[in-house]
Structure formats: C-alpha cells, structure tokens
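What follows is one structure encoded as structure tokens, with my remarks underneath.
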Amino acid sequence: MARVLIAGAGIGGLAAAGCLLLAGHEVELYEQAPELGEVGAGIQQSANATHVLRRLGVLDALEERAFRPPVTEFRLFDSGEVLQALALAATHEERHGAPYLQLHRADYHAVLAARVEALKPGCVRLGATVTGFREDAGSVTLHLAGRSRVAGDVLIGADGIKSAVRRQIAGENRPRYTGDSAWRSIVPVERLPAGFLEGKSSIWVGPGKHAVVYFLRGGALLNFVGAVELEERIEESWTQKRPWKELRADFEGWHPDMLRIVDAADRESCFRWALNVHPHLPRWSTGRVALLGDAAHPMLPYAAQGAAMAVEDAAVLARALDEAGSVPGALALYEAHRKPRARRVVEESRDNRRLFHLPDEDALRAAFAERDMDRERSDWLYSYNPLTADLS
Ligand SMILES: Cc1cc2nc3c(=O)[nH]c(=O)nc-3n(C[C@H](O)[C@H](O)[C@H](O)COP(=O)(O)OP(=O)(O)OC[C@H]3O[C@@H](n4cnc5c(N)ncnc54)[C@H](O)[C@@H]3O)c2cc1C
C-alpha cells in the first residue's frame, strides 16, 4: 500500500482521499485554508459521479440534503418556450444505476469531509500551503510554506485552477479568462410564488448569456447562476460582491420568472466571478506526481461536470494504483485513461457556450432542433461508470 499525499481538500481532494483510504492506502491532505468549507452555491452531480459517492458511503447522507429534479428544461430567455429537456429523477437512475442530485456545495463538502475524517481521523492538515515538490526514483517530498517537508510514495495535486503542483509539472500555464462571468445567488422559495417552476431545473438560453436555475435542500432554496459575456476582466473570486442593479440590468427583458428570481435575491449578496480555464496540458503526471480535478482540467461550468470529473478522477486513480504493478505505472495508466474523457467534457462545455449564447430566438430554435441533448448526454456523459470502466 502506498503513502499518498494530497494537495488541496476541495471536492476533488476529499473524493480522492476517500477512494484511496477505502483501498487501504495511507493518506494525508494538505489544505491551505485555515478551515474546511465551500461557498454558498449549488452543484449538480450526475450518475457518473454518484456511483462513486455511493461507493464512498456518502450517498444516503447527500440524498437527505439534496433535491432530485424531475427534468432539466432548456428554455428561451424571453418567451420561456421549451426547446429540449433532459429526463432526470427516476429515468436517470433507471438508465444509469445512480441518481442525479442537486446539492448545496457546503453540504456536499461537509459530508465528504466528515467521511474522510471518519476513515482516518486527523488526516486533513489545515493552514498547510503547498509550494512545490521534489521527486526521485523512490519517493516524493512535498514542500510546504514555512519550510516543512513531508515524504510519501505519491503526490496528488488536487489544488484547483491555480495549482502549485501543476506549475511544477507543466510550467507556467496561467489560467485565462474565458470572456464569461457568472452571477450567483440563492433564494429561499418562500419569496417566490407557490409551485414556482414546478420544481423543474432549467437552463434559459439567450443572446450572449444564459441562466441556470435549480432547487436545493429538498426544494427549500432556489439556486440561480447567470452566465454573462463580459469583456471587462474581473477578479477570479467566489466572494466578489457586485451591486444588485448590475445583475438586474444584465437580465432586463428576460422572462418574468427570471426577473422574479432576480427581484427576490438578497440585494447585499449578489456575487459575480470570472470563469477561467487554461489550455489542455501536454501531461498531467510525472513518475510519482499526478494532477486531479480543476488542477488538471478546468472547464466552463456549462455541462455541470467539473466536480463530477474530479470525482471520476478520484475513483480511477484508486483503481489504477490497485491494478498497476508500480506507482509510475499506475499514474501513467490513470493519465492515459482520464485525459481523453476530460478533454471531451472540457470541449463539450466550451461548445455549449456557443450554443447557449446564440444571437436570437430563431438561431437558438434552429440549433436546438438539430440536437438531442437527452440522448447525447445519456450516451456518453452520464453512462460512464468510473468504478467499472475498462482501464486497459
Ligand atoms: C458557476 C459554476 C458552477 C458549477 N457547477 C458545477 C456543477 O453543477 N457540477 C459539477 O460537477 N461541477 C460544477 N462546477 C465545477 C466545480 O465547482 C469544480 O470543478 C470543482 O469544485 C473543482 O474541485 P477541485 O477539488 O478540483 O478544486 P477546488 O474546488 O478549487 O479545490 C482546490 C482546493 O485546494 C486548495 N488549495 C489551492 N492551492 C493550494 C496550495 N498551494 N496548497 C494547499 N491547498 C491549496 C484550495 O483552498 C481548495 O480547497 C461549477 C463551477 C462553477 C464556477
């Protein structure tokens, strides 16, 4: 069994820790933040990730806190006309063998962190900033701010889009602004009309912007994300507040249901942040060090798959360490299997930007008429199971 060091205790790092601990490895996580936590926003997880959450033993706890939407509808921004729908709830579970969940990020992160703590108490070191590593044929040494060093057999860089581990593997590969920024707000449903949107999840598509709307915590909260094309480059931060009237102006002329949500949002807590990616990496790993999650493959959130890919990575990494005869062999197997799939999802997410932001109703209607999103996503995206996929 290997001694595995993980940089970063976000969803990816925690999922990796859980999978590796269950496989019998010795695991330690190093997280720069002084406390564990996630921001107040929603997150969706489809079957390709929830298979792993079941294996980790956290699915029941998450389902108690989740919302299971009947459907996601793609709708025109002004008239609300439904262009396409993805069947979720029972249909998703029957097709793929695991549920589709919509979660509050804080709940998701807390449940994962509690599970990791139960599997190995004290394995998350807080206030521990990773600055780099040194590797030789037999081990890897993690460097932490304050000059301390920790030795292990494997290092996993799950330290997000600004990854220090990636910098050393792939050189200065700076994140770049995609041209889109995202508003986020969570609204208690009692501020909205009874039976609002019938519990459906929806993606409202329009010229140069789109809005994603779905319920959380058994339907008590409504999550709103408004993705807008914005030339001005703003800071990449989940906690940057902007004036509510800018949010209102961005969605002027949109369907009354969208404006109801915007009008019900807390005026003092409208957040907007820049969406960044970086170019595809030529490699994700060296002999004893590998990247995972946003450190390896940040993407636009337009297929709702960034964290799901991190969870897939975690499951495949644990399997590769089990199946290969050596650490370098395992990391090479992990990279070879994960890279093409992650790349496809990055590109699908990028292509959705063009599709969702077409310049008028006719162009949007015509483009959606050529697609069958329900079949497409079922065929290759949601149907993948990282616990059973062939790694050879
Ligand atoms: C608007 C929006 C909506 C989204 N919706 C969805 C969705 O519905 N479904 C989905 O699957 N994904 C979604 N995503 C994507 C998802 O949020 C990310 O892909 C996911 O959170 C990445 O997890 P991670 O653990 O790889 O990285 P992160 O969450 O960035 O975690 C990295 C961790 O590493 C720590 N860290 C960083 N640097 C260091 C260091 N030097 N030393 C130690 N620790 C360090 C950080 O503090 C952090 O805790 C969305 C993203 C956005 C922006």
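The values are calculated or read from the model by the stated rules, or taken from the named source; none is laboratory data. Only a predicted model underlies this, so the values are computations on that prediction, with no experimental measurement involved. Backbone-built Cβ (ideal geometry, glycine too); neighbour counts: all protein chains shown.
Determine whether Arg248 is part of a helix (DSSP H, G or I) and either at negative phi or in contact with a Lys or Arg (Cβ under 8 Å, 6 or more places away or on another chain) (or both). Taking the combined requirement at face value, the residue satisfies it.
Yes/no matrix, rows are residues, columns are (1) among the hydroxyl-bearing types (Ser, Thr, Tyr); (2) part of a helix (DSSP H, G or I); (3) farther than 18 Å from Ile43 by Cα:
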position	(1), (2), (3)
Ala307	no, yes, no
Leu317	no, yes, yes
Leu321	no, yes, yes
Gly325	no, no, yes
Gly329	no, yes, yes
His337	no, yes, yes
Glu347	no, yes, yes
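Table: residues versus (1) in contact (Cβ under 8 Å) with a residue 12 or more places away in the chain; (2) under 14 Å from the mean Cα position of the chain (by Cα).
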{"position": "Gly18", "(1), (2)": "yes, no"}
{"position": "Leu22", "(1), (2)": "yes, no"}
{"position": "Val27", "(1), (2)": "yes, no"}
{"position": "Ser46", "(1), (2)": "yes, yes"}
{"position": "Thr50", "(1), (2)": "yes, yes"}
{"position": "Arg54", "(1), (2)": "yes, no"}
{"position": "Leu59", "(1), (2)": "yes, no"}
{"position": "Glu64", "(1), (2)": "no, no"}
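Set side by side, the residues Glu63, Glu31, Glu26 differ, and just one is within 15 Å of the ligand (Cβ to nearest atom) and acidic (Asp, Glu), which is Glu31. Name every residue in the stretch 66-86 that is more than 15 Å from the ligand (Cβ to nearest atom), surrounded by 20 or more Cβ atoms within 10 Å (Cβ to Cβ) and assigned to a loop (DSSP other than H, G, I, E, B), in order of residue number. Scanning the stretch 66-86 gives a single hit, Phe77.
Within the stretch 349-381, the set of residues being outside any helix (DSSP H, G or I) and either surrounded by 17 or more Cβ atoms within 10 Å (Cβ to Cβ) or touching a Leu at 6+ places or on another chain (Cβ under 8 Å) (or both) comprises His357, Leu358, Arg371.
Among the residues of the stretch 150-190, those that are modelled with pLDDT under 95, of a type outside the set (D, E, K, R) and out of contact with any strand residue (DSSP E or B) (no Cβ under 7 Å at 6 or more places or on another chain) comprise Ala170, Gly171, Asn173. Screening the stretch 278-295 for residues that are near the ligand (Cβ under 8 Å from one of its atoms) and of a type in the set (Gly, Ala, Ser) and picking the one that is farthest from Trp204 (Cα to Cα) gives Ala295.
With within 24 Å of Gly152 (Cα to Cα) and either touching a strand residue (DSSP E or B) at 6+ places or on another chain (Cβ under 8 Å) or within 14 Å of the ligand (Cβ to nearest atom) (or both) as the only criterion, which of Asp313, Asp374 stands out? From the options Asp313, Asp374, the qualifying one is Asp313. Looking at the structure I just gave you, is Leu14 touching a residue at least 60 places away in the same chain (Cβ under 8 Å), within 25 Å of Val154 (Cβ to Cβ), near the ligand (Cβ under 10 Å from one of its atoms) and part of a loop (DSSP other than H, G, I, E, B)? In short, no.
Among the residues of the stretch 91-106, count how many are more than 14 Å from Ile186 (Cα to Cα), of a type in the set (D, E, K, R) and buried (at least 19 other Cβ atoms within 10 Å of the Cβ).
0
Among the residues making up the stretch 148-195, those that are more than 23 Å from the chain's Cα centre (by Cα) and assigned to a helix (DSSP H, G or I) are Gln168, Val189, Glu190, Arg191. Among the criteria (1) touching a strand residue (DSSP E or B) at 6+ places or on another chain (Cβ under 9 Å); (2) more than 24 Å from His109 (Cα to Cα); (3) surrounded by fewer than 23 Cβ atoms within 10 Å (Cβ to Cβ); (4) touching a residue at least 60 places away in the same chain (Cβ under 8 Å), the one Leu321 does not fulfil is (3). For first residues located in the stretch 364-385 and over 24 Å from Leu53 (Cβ atoms), partners that are surrounded by fewer than 15 Cβ atoms within 10 Å (Cβ to Cβ) and basic (Lys, Arg) and lie 6+ apart or on another chain with Cβ distances below 9 Å form the pairs Ala367/Arg354. Considering the stretch 154-185, and only residues there that are surrounded by fewer than 18 Cβ atoms within 10 Å (Cβ to Cβ) and away from the ligand (no atom under 12 Å from the Cβ), the residue that is farthest from Ser285 (Cα to Cα) turns out to be Gly179.
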